[in-house]
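Participant: Could you have a look at this structure, given as structure tokens, before my questions?
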Amino acid sequence: MEKGAWGTKALVLGLGLLAFAALFGLWFYAELRRVSATPITAWTQDHRADCAVVLTGGPHRVREGIDLLAQGQVKKLIISGVHPRASFKEIFPQWPYYSSVSEESVVLERRSGTTYGNAVQSQPLVEALHCRDMILITSNLHMYRAYRTFRGTFPEDFTIQRRATVSGRYRPAFSDLGVETLKSMFYSLFAY
């Protein structure tokens, strides 16, 4: 093969990689803006529904769901993504301080290990509890991907309200935001 042909192929490959990197960068930036735009609604909005689904994996989420149950804003609470051997009292040691809440009002979903699994495994529980609407509780950092995943799994006419809590820090670190953005990009390929 001639020397000039190798140079042309290398140039075409280089330009192709550069175009791919530019498109990926634009996609990443657009997704990052969507992920970071989710406001914390737990402090600012009053939510009521038949059920609430709490996604485990971050601070304040379970307590937020129990608070809604204690205040009568939901009738049933599903805690999704619970370790198979964990008891409710291990997940929520503050339980004794919530005497108005019946432990029978809390359902522990133990099969899921991902956000997609949370949605798929929670749907039959929501249906079995005859919930007409629900509140989705997770951190503001995770809410964009979680809501889109649940929206893609549940029927279109089923109402899902978003209740976003703080995700450890009021403003997440850029590394956390970047990881969540990459996860959202991956999920957009198959989950929503």
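The values are calculated or read from the model by the stated rules, or taken from the named source; none is laboratory data. Here the structure is a predicted model, which is why all the values come from computation and not from measurement. For neighbour counting, all protein chains shown are included, and Cβ atoms are generated from backbone atoms with ideal geometry for every residue, glycine included.
Residue-by-condition table, conditions (1) among the hydrophobic types (A, V, I, L, M, F, W, C); (2) without any contact (Cβ under 8 Å) to a residue 60 or more places away in the chain:
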{"site": "62", "(1), (2)": "yes, yes"}
{"site": "92", "(1), (2)": "yes, yes"}
{"site": "121", "(1), (2)": "no, yes"}
{"site": "138", "(1), (2)": "no, no"}
{"site": "141", "(1), (2)": "yes, no"}
{"site": "148", "(1), (2)": "no, yes"}
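Participant: Next up: Test each condition in (1) in contact with a Cys (Cβ under 8 Å, 6 or more places away or on another chain); (2) more than 24 Å from residue 34 (Cα to Cα) for residue 134 and report the one that comes out false.
Facilitator: Residue 134 satisfies all of (1) in contact with a Cys (Cβ under 8 Å, 6 or more places away or on another chain); (2) more than 24 Å from residue 34 (Cα to Cα) except (2).
One line per residue, one yes/no per condition, for (1) out of contact with any Ser or Thr (no Cβ under 7 Å at 6 or more places or on another chain); (2) over 28 Å from residue 162 (Cβ atoms):
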{"residue": "6", "(1), (2)": "yes, yes"}
{"residue": "42", "(1), (2)": "no, no"}
{"residue": "51", "(1), (2)": "yes, no"}
{"residue": "95", "(1), (2)": "yes, no"}
{"residue": "102", "(1), (2)": "yes, no"}
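Participant: Which one of these is basic (Lys, Arg), more than 12 Å from the chain's Cα centre (by Cα) and either modelled with pLDDT under 95 or surrounded by 13 or more Cβ atoms within 10 Å (Cβ to Cβ) (or both): 151, 145, 169?
Facilitator: 169
Participant: So which residues in region 134-192 are out of contact with any strand residue (DSSP E or B) (no Cβ under 8 Å at 6 or more places or on another chain), among the acidic types (Asp, Glu) and under 19 Å from residue 25 (Cα atoms), if there are any at all?
Facilitator: 180, the sole residue that qualifies.
Participant: Would you mind finding the one in 104, 109 that is closer than 18 Å to residue 69 by Cα, acidic (Asp, Glu) and buried (at least 17 other Cβ atoms within 10 Å of the Cβ)?
Facilitator: Testing whether each residue is closer than 18 Å to residue 69 by Cα, acidic (Asp, Glu) and buried (at least 17 other Cβ atoms within 10 Å of the Cβ) leaves just 109.
Participant: Right, another one. Yes or no: region 119-136 includes at least one residue that is buried (at least 17 other Cβ atoms within 10 Å of the Cβ), in contact with a Leu (Cβ under 6 Å, 6 or more places away or on another chain) and not charged (D, E, K, R).
Facilitator: No, the conditions are met nowhere in region 119-136.
Participant: Still on this structure, I have one more. Do you know which residues across region 154-169 are without any contact (Cβ under 8 Å) to a residue 60 or more places away in the chain and part of a loop (DSSP other than H, G, I, E, B)?
Facilitator: If the condition is that a residue be without any contact (Cβ under 8 Å) to a residue 60 or more places away in the chain and part of a loop (DSSP other than H, G, I, E, B), then 154, 155, 156, 157, 158 are the ones that fit.
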